[in-house]
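These notes concern the structure reproduced below.
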Amino acid sequence: MTLFQRVGKEVRIGVVDPENQETASFIEKLKEDNNWSIHLYVISFSSLKKIWSRYAEAPFLESLERMQISLTGEDLEKFEKDFGGLLGLKKRIREIPTTQIVSTIMAGAIKMKASDVHCEPQEDQVRLRFRIDGVLQEIGDLPTDIYKFILSRIKMMGKMKINVRDVAQDGHFSVDMENGGFNIRVNIIPGNHGESIVMRLLNQADVMLSIEQLGLRGLAYEQVQKQIEQPHGMILTTGPTGSGKTTTLYAIVNKLNTSETKIITIEDPIEYEVKGISQTQIAKERNYTFSEGLRAIVRQDPDVILVGEIRDEETSDIAVNAALTGHLVLSTLHTNNAPASIPRFIELGVKPNLIAPSINAFIAQRLVRKLCDCKEAYKPAKETIASIKKILSIISPKAKIEIPKNVESLYRPVGCAKCHNLGYKGRIGIFEVLTINENIEKLILEMAGEREISQAAMQDGMITMAQDGILKAVEGETSMEEVWRATGQSEFLEEIYEKLMEQSLSRSVEISEEDMQTVSESVASIEKLAELLRGANQKSVAKYVFASSLLLGVGDIHIEPEENDVKIRYRIDGILQTIATIPLNEYPSFLGEIKFLSGFKADVREGVKDSRFAITLEKPFGKLTETKVDVRVSIILGGYGETVVMRLLSKSAVALDLEKLGIRKQNLQRILDASKKPNGIFLNTGPTGSGKTTTLYSILGILNKPEVKIITVEDPIEYQMEGVLQTQVNDKEGYGFSTALRSLLRQNPDIMMIGEIRDEETANIAVQAALTGHSILSTLHTNDSAASIHRLLNMGVGGDDLATAMNALMAQRLVRKLCECKEKTVPTPEEKEKIEKVIKTISEKSGVSIPAVESMYKPKGCEKCNQIGYKGRTTISEDGMLKVLEGETTLEEVERMVGE
């Protein structure tokens, strides 16, 4: 059920099943408790889900208001005491003083245990957000005119200049609550629509944690306890801003803070005051930096020094020397994990031979939200369980962690009054502790990389943050979503996991006969196929996409995330068509499966990544006799996420038969004559996707004889061909086309196919090879045959050499073929003029019979062509207009590919 409208006491409620006794009782109770006049509406489950999704997008404050409806008794009384003022603020904001507005906002933030309050001016209103447990929650909007008074009040409380609006300002003030005082740190910056405020709420209780309360376990807990008892050395916490590093350091300080220990801190700024220690704050305007402060502190005879952050070489140098001369130094560092701190320290100028003597421990950490008691257990997918088991299985016995034998359930958030309907309440740390032993010291001195250090540390008992997070998720302390949000998998774990997956699946996906049958019933109509993909569960989406692609003869699959959803497009007969859209929240699973098949790391996002995998059919299906199809994958990082382009290299979809490519018989004979010459160059030109490679492979198919040695140099290898030595370039390793050509010519081939002539060096080597007894087939990117000559001359190939070496030049495009349902039509005068202008240029020596320009054809659409009007593609090679008159394609297609 759902409440979808309320006006005063008039309430409208939608229910799926009005006869359900439990629903009826709940509605009756709402009516009695609130004195409401309730109107019931019967709605579909899909409508219910739409309303729920709207609720999910609503501001957090509205969510709290809806929750209030279901509370009674003491719960309702406590709720109204905590949040009544904040909930009523919107209605009363113009009636109450500015001081009360600010007090109400701050009280609400403190009651919700928010760490920050954000006031962000927009064009016509001011957005109010609270950061609760590390995640920003939308609270509501403040009127622009009222915000001006709120801004002035906060500036005055923070001792900032009220009349200064064009520079950033910092300030602070205190708020007294019944459960203790809060120090509020304020930052104000100018923006397009006014000044933005961020207030950090600093509660003294937050730093009174003990080490036992942090969430450390096993060997990691023992190591931290042992290292803080050392009289000297360094303990560094690492991680991004907001990962709890300072809280961990203060927990260590609390443990060490005794009457016989002198502790001095240098911070930026001092966030919490701790009794019994000396706290200092950097002041850049007085040139009192971390390094200057640290240099002064050392002369104060401290036992323990806390440095807010090691940012530069000078600070790191002084800190290391302090650790080596009898002081225990505590500080923070910005690295992604514990092993990465060692290379970072070396970058900061610390000598490798000083790291082991000076460092006691690196503690990497993140904060994840704790599940509220309202959490619910669920049975995860088999793949998830298998993944968890694999990741946990590589934890060393030295870690002193009990690894669960079975993972039968995980937990997810639900939401209740106690957690403000978020499903989470509070946060807990996940940790990775690295100490320096003999093995690690040896690797440091050998300048080993992060991965080698990680592997050695794991063998000695270190568990990674991801592993610690998974253990806490299995125990129900947090959710797997939180673990991945905070950490992802470390590169080292991903590498191991990837190897395990490759061994078990050999990077291929099998499509069952049942899946093929299901999809075949929907491919006759794009609308039906779209409906099938939208309704499929996340496990089936990828398989249905691959199955439908094979059945439709798709050349490329494009998966493109956009602002609100993910578009799935197929390139059919050279034209991209939108097939379906899927929700953004389903994309990570789909993308993860493609990355998994491609051998990519799941959470690593790079500019462009290329790979391959295979689609295998359980058995031949219908006209699909080929049971294995290679897929070339390219993943590109774009504005809304990672875009995937997959090219299906199906031999059944591509006719590797020269006579079936649609090449005119007069041209076909010239191609055969030129390509069979024992030496010289046959060059095929055209843009990407014009069928050049297919033509060259078809020629190789004719030339491929037992007595002939053929070598190819490709980028990448698209089709496997028996009896041919196929090689692939690797530009990253310096093995480009020119380098490969030089090496492979030593193999004394009869025929060489070069994927593409891209540069001057490759062009000249190819021409020289042709002049010294080799037959060369290759491609070039030009618009037509004549332009290829100019391109090669510009690449530095001599005119005489070119004239001697060149056997033939062929330019081509692929155009869509008209389906048999095509309709005959009479060309307009303008169309007739265009066609006649072109065909008049055809020489009589070509042997082509020129038809009269009396009729042509247009697409209609039927079931066979999925109502498109085109089915398949054909090659045009300087003969597009002839194919228009012969009814193979349309004038629009030729103009689309060649231009007018």
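FYI, it's all coordinate maths here, none of it is from the lab. Nothing here was measured: the structure is a model prediction, and the numbers come from that model. Heads up, the Cβs are rebuilt from the backbone with ideal geometry, glycines too, and the neighbour counts pull from every protein chain shown.
Counting only DSSP beta bridges whose two residues both lie in the chain, roughly 65 percent are antiparallel.
Hey, got a sec? Which GluC sites (Glu not before Pro) in segment 805-892 land in a DSSP loop and have at most 14 other Cβ atoms within 10 Å? Qualifying residues, ordered by number: GLU820, GLU854, GLU886.
Judged by a Cβ-Cβ distance under 4.7 Å, the unpaired cysteines of the chain are CYS119.
From helices alone, the chain scores -11000 deg cm²/dmol at 222 nm; the rule is -39500 (n - 2.57) for each run of n ≥ 4 DSSP H residues, then divide by the residue total. With both residues required to sit in segment 658-809, DSSP beta bridges show an antiparallel share near 5%.
Calculated from the alpha-carbon coordinates, segment 574-699 shows an Rg and a Dmax of 19.1, 58 Å respectively. Distance from the alpha carbon centroid of segment 329-345 to that of segment 867-900 works out to 63 angstrom. In the chain, a dipole from Cβ-located charges (positive for Lys and Arg, negative for Asp and Glu) runs towards its positive end, and of SER331, GLY171, CYS819 it is CYS819 whose Cα lies farthest in that direction. Could you tell me what % of all Cα pairs in segment 823-866 have separations over 16 Å? Result: 52 percent of Cα pairs exceed 16 Å. Shown for LYS845, LYS705, LYS50: other C-beta atoms within 10 Å of each C-beta, ranked fewest to most, produce the order LYS845, LYS705, LYS50. Here the translational diffusion coefficient of the chain follows from Stokes-Einstein with Rh set to the Kirkwood radius across Cα pairs; for 4 °C and 1.567 mPa s it amounts to 39 µm²/s.
Restricting attention to segment 196-313, close to 10% of DSSP beta bridges with both partner residues there are antiparallel.
Overall, the anisotropy analysis places segment 117-233 in the prolate class: the square-rooted eigenvalues a ≥ b ≥ c of its C-alpha gyration tensor yield a/c not less than 1.5, with a/b exceeding b/c.
Just want to confirm a number: the relative contact order over segment 814-898, from Cα pairs under 8 angstrom separated by 6+ residues, in percent.
On the way: 122 pairs, mean separation 37.8, N = 85.
Over segment 814-898, the number comes to 44 percent.
About its Cα centre, the dipole of segment 506-649 is roughly 380 debye, where the only charges are +1 on Lys and Arg Cβ and -1 on Asp and Glu Cβ. Taking the Cα centre of segment 814-898 as reference, the dipole from Cβ charges on Lys and Arg (+1) and Asp and Glu (-1) amounts to some 260 debye.
Would you order SER396, SER548 from fewest to most other beta-carbon atoms within 10 Å of each residue's own beta-carbon?
SER396, SER548
Our summary gives the chain a relative contact order of 6 percent, counting only alpha carbon pairs under 8 angstrom and 6 or more residues apart. Fewest-first ordering of SER358, SER210 by other beta carbons within 10 Å of each residue's beta carbon gives SER210, SER358. This model, with +1 at the C-beta of Lys and Arg and -1 at the C-beta of Asp and Glu, gives the chain a dipole about its Cα centre of some 760 debye.
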